[in-house]
Amino acid sequence: MNPIKTTSISEYRLPDTAQLERQVLTDAVTSPEAIGEMMRYLTAEAFTGDKRPHLWQTIADLYARGEAVDIITMHAREGAAFTDEVIAPCLEGSLARGAINHALLLRNAQARRRAYFAAVKLLEASTKQENGEADLCAMADTISRQVEIGGSVSERPLAAVLDNINAGMKERRTLAEQGKLYRVPTGFEVLDWNTYKGWGPGQLIILAARPSVGKTAIMLQMAKAAAGSGFPATIFSLEMTEDELGQRLMFSTGKVAPSDVACGRVDDAQFTDATEGLRGLPIYINDHSRTMEEIIARMTIEVRAGKCRVAFVDYLGLMDISTGWRESLNQAIGKITGELKATAKRLKIPIILLCQLNRDAARADRAPELYDLRDSGSIEQDADIVMMLETDEAIEPTTGLHDINIWLRKNRQYKKDICIKVRPNKTYSHFDEISVETPEVVTEEEAEDDDADNDKLF
């Protein structure tokens with residue numbers, strides 16, 4: 001039996017592309033007519049070092065605005081940074097065809113660099129005892145996606161797109177004839193009506209609220225409704241444990257109370273009665289994945305295993321977010337929402353992402369609006385549907401709890417700016433619709449004026 005040959009990571013060096021990157025920058029300023037084609041393959045992320053990503057972004061911005069891109073302009077704008085990276089090496093520029101070939105070489109080098117770092121992560125994960133087979137498979141799936149670079153998918157002819165649409169229509173007719181649903185029900189009749197019978201494949205849905213308003217409870221009701229209609233639901237919980245979520249689902253049946261569970265007053269018969277209707281529901285809970293990569297990898301595995309036709313992520317603010325080169329928190333959050341939207345399209349499932357609203361949404365005497373989304377405008381841009389929760393002034397007489405307003409603020413396919421009022425049960429774990437309103441929308445400028453007037457009162 002041959003002995004196993006051992007190697008170390010030091011034997012495999014990270015691809016060095018500094019010289020190629022300088023050549024690409026030189027090509028861009030000497031053959032500006034090729035920049036448009038080069039931009040199809042390259043972004044600032046393809047470049048390394050402290051200066052080169054910024055130099056490429058400057059070139060791309062100048063080209064996009066229709067301004068001149070040449071050595072004199074770049075030297076005037078960037079000074080020493082441009083001199084050190086482009087002029088000092090004394091590289092010769094290439095003709096347009098050569099410039100594009102160099103751009104493709106750099107793109108391939110970027111893919112190798114992505115693969116290198118992804119493989120290091122997998123190597124690190126394989127040394128940890130707590131990682132099992134499923135975790136390592138999830139990591140391996142993440143590697144293939146991290147190596148991919150946007151723009152590599154070829155265009156499809158319109159005829160093929162129309163054929164795909166026709167196939168989808170036939171599938172919906174067949175399901176309707178069988179009495180089955182094509183879209184995932186939301187758990188609320190009026191919300192279903194205003195979303196063409198629920199969430200659709202490829203959609204990113206935002207459910208936003210201030211803390212303790214009820215977004216997790218609303219999410220669980222949606223997951224329960226989906227699973228009850230035959231759509232397996234996977235919940236990625238970054239806030240609560242699987243036991244806490246399981247208890248909330250149990251409370252939603254109304255057969256046991258939180259105080260009885262906490263004080264040990266629930267016997268086996270009561271527990272069986274409260275959970276009997278829940279045991280058969282295809283709901284899967286993940287309370288250990290923390291990063292976007294882990295969540296997307298696990299989501300992919302669950303979809304392939306038939307355990308996920310709708311996914312819930314609770315919530316954005318608790319996700320481990322790392323910022324890159326000169327990257328702000330807003331940009332990092334934009335990457336997350338963009339990745340989740342792309343994942344929803346790739347896996348053909350709806351993804352419901354929970355997030356928080358800004359504090360101004362709570363203190364202002366108005367309903368929440370899209371500009372109240374916390375940390376990033378990309379949340380609104382990437383989402384197909386945005387729902388916002390607000391505590392209503394009305395108090396439910398039998399429970400003493402406030403009603404909740406569900407505002408449908410963005411809806412790409414149908415009506416928006418609709419307020420659905422729901423009433424909680426005693427345990428705040430189930431909600432019933434009580435009314436619907438379509439009030440006037442408050443603009444951001446009007447809200448700022450109202451806030452200024454309110455500030456004058458204090």
Being surrounded by fewer than 15 Cβ atoms within 10 Å (Cβ to Cβ) and not in a helix (DSSP H, G or I) narrows D61, D50 down to just D50
Only one of (1) surrounded by fewer than 17 Cβ atoms within 10 Å (Cβ to Cβ); (2) touching a helix residue (DSSP H, G or I) at 6+ places or on another chain (Cβ under 9 Å); (3) more than 18 Å from V24 (Cβ to Cβ) does not apply to G66, and that is (2)
Looking at (1) in contact with a Ser or Thr (Cβ under 7 Å, 6 or more places away or on another chain); (2) at pLDDT 85 or above; (3) more than 30 Å from K51 (Cα to Cα); (4) buried (at least 22 other Cβ atoms within 10 Å of the Cβ), which is the one condition that is false for T337?
(3)
Can you find even one residue in segment 248-262 that is free of Cβ contacts under 8 Å to residues at least 24 places away in the same chain and of a type in the set (V, I, T)?
yes
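Just to be sure, is T234 assigned by TED's automatic domain parsing to the domain that holds G317, surrounded by fewer than 21 Cβ atoms within 10 Å (Cβ to Cβ) and β-branched (V, I, T)?
Criteria not met by T234.
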If I filter segment 233-272 down to residues being part of a loop (DSSP other than H, G, I, E, B) and either β-branched (V, I, T) or closer than 23 Å to T291 by Cα (or both), which single residue comes out as nearest to the chain's Cα centre (by Cα)?
L238
With respect to T427, determine if the residue is farther than 28 Å from V303 by Cα, assigned by TED's automatic domain parsing to the domain that holds P232 and surrounded by fewer than 17 Cβ atoms within 10 Å (Cβ to Cβ).
no
Considering only segment 10-17, I want to know if a residue exists there that is surrounded by fewer than 20 Cβ atoms within 10 Å (Cβ to Cβ) and at pLDDT 90 or above.
no
Just one of the numbered conditions (1) in a loop (DSSP other than H, G, I, E, B); (2) in contact (Cβ under 8 Å) with a residue 24 or more places away in the chain; (3) within 15 Å of Q23 (Cβ to Cβ) is not true of C90; which one?
(2)
Sort through N108, N131 and tell me the only one that's at pLDDT 85 or above and among the polar types (S, T, N, Q).
N108
Elements of type helices (runs of 4 or more DSSP H) contained in segment 348-458, each with 3 or more residues being among the acidic types (D, E) and either modelled with pLDDT of 75 or more or over 29 Å from S328 (Cα atoms) (or both)
444-456
Find all pairs meeting these conditions: Cβ atoms under 6 angstrom apart; at least six residues apart or on different chains; first residue within segment 279-306 and in the same structural domain as I351 (by TED's automatic domain parsing) and closer than 17 Å to T343 by Cα; second residue of a type in the set (K, R) and buried (at least 17 other Cβ atoms within 10 Å of the Cβ).
S289/R298
Checking A34, A88, A64, A28 in turn, the sole residue that is more than 30 Å from V120 (Cβ to Cβ) and over 36 Å from the mean Cα position of the chain (by Cα) turns out to be A88
Given (1) under 22 Å from Q110 (Cα atoms); (2) of a type outside the set (A, V, I, L, M); (3) in contact with a Leu (Cβ under 9 Å, 6 or more places away or on another chain); (4) modelled with pLDDT of 90 or more, identify the lone condition not met by Q57.
(3)
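The values are calculated or read from the model by the stated rules, or taken from the named source; none is laboratory data. These numbers were taken from a predicted model, which means no experiment stands behind them. Positions of Cβ are generated from backbone atoms using ideal geometry, with glycine treated the same way; all protein chains shown enter the neighbour counts.
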